[in-house]
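Data block below; observations after.
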Amino acid sequence: MPSAPEPVGGGGDVLAAMLAHLSGFVFAFLGWIPPLAVYLAKRERSPFVRHHAAEAANFQLTLLIPYLISGVLYVVLGLFLGDLAWIGPLLVALVWLVSIVLGVIAASGANNGAWKRYPFALRLLK
């Protein structure tokens with residue numbers, strides 16, 4: 001079984017790949033912007049960083065769907081069933097928690113030189 005290629009640029013590539021994963025959950029709804037910036041900056045220079053930045057951006061863009069559903073649910077429940085409006089923010093918190101856990105796992109893999117993939121994500125960037 002062939003092994004995965006190592007990061008090309010060494011520590012700088014590993015750091016950029018890790019930052020792409022970790023920056024996503026810091027910005028919640030806008031978490032796709034930092035990994036996209038890393039992707040655009042490094043995609044021609046490092047296949048390792050391109051892979052990780054694309055994975056992180058794809059995952060954060062995928063999380064926009066439950067974030068938006070949670071926000072709509074919050075507004076709708078707030079308008080019609082005020083006592084249940086807490087469900088929307090709870091869902092936002094749960095999505096954010098999933099973002100943190102999976103982002104840290106992916107960043108740890110990048111730190112170890114692994115070519116990690118998120119278990120679910122729309123593959124918009126390649």
Within segment 93-101, is there a residue that is part of a helix (DSSP H, G or I), of a type outside the set (F, W, Y), within 12 Å of the chain's Cα centre (by Cα) and buried (at least 18 other Cβ atoms within 10 Å of the Cβ)?
yes
Inter-residue pairs, beta-carbon under 7 Å, first touching a residue at least 12 places away in the same chain (Cβ under 8 Å) and outside any helix (DSSP H, G or I) and in segment 46-70, second charged (D, E, K, R) and surrounded by 20 or more Cβ atoms within 10 Å (Cβ to Cβ), 6+ apart:
S46/D13
Does I65 satisfy the criteria of being aliphatic (A, V, I, L, M), modelled with pLDDT of 90 or more and loosely packed, with under 14 Cβ neighbours inside 10 Å?
yes
Answer yes if at least one residue in segment 3-13 is modelled with pLDDT of 90 or more and either closer than 16 Å to A121 by Cα or surrounded by fewer than 16 Cβ atoms within 10 Å (Cβ to Cβ) (or both), and no otherwise.
no
Please pick out the residue among G82, G88 that is buried (at least 18 other Cβ atoms within 10 Å of the Cβ) and of a type outside the set (A, V, I, L, M).
G88
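The values are calculated or read from the model by the stated rules, or taken from the named source; none is laboratory data. Please read all numbers here as calculations on a predicted model, not as lab measurements. As a convention, Cβ positions derive from the backbone with ideal geometry for all residues, glycine included, and neighbour counts pool all protein chains shown.
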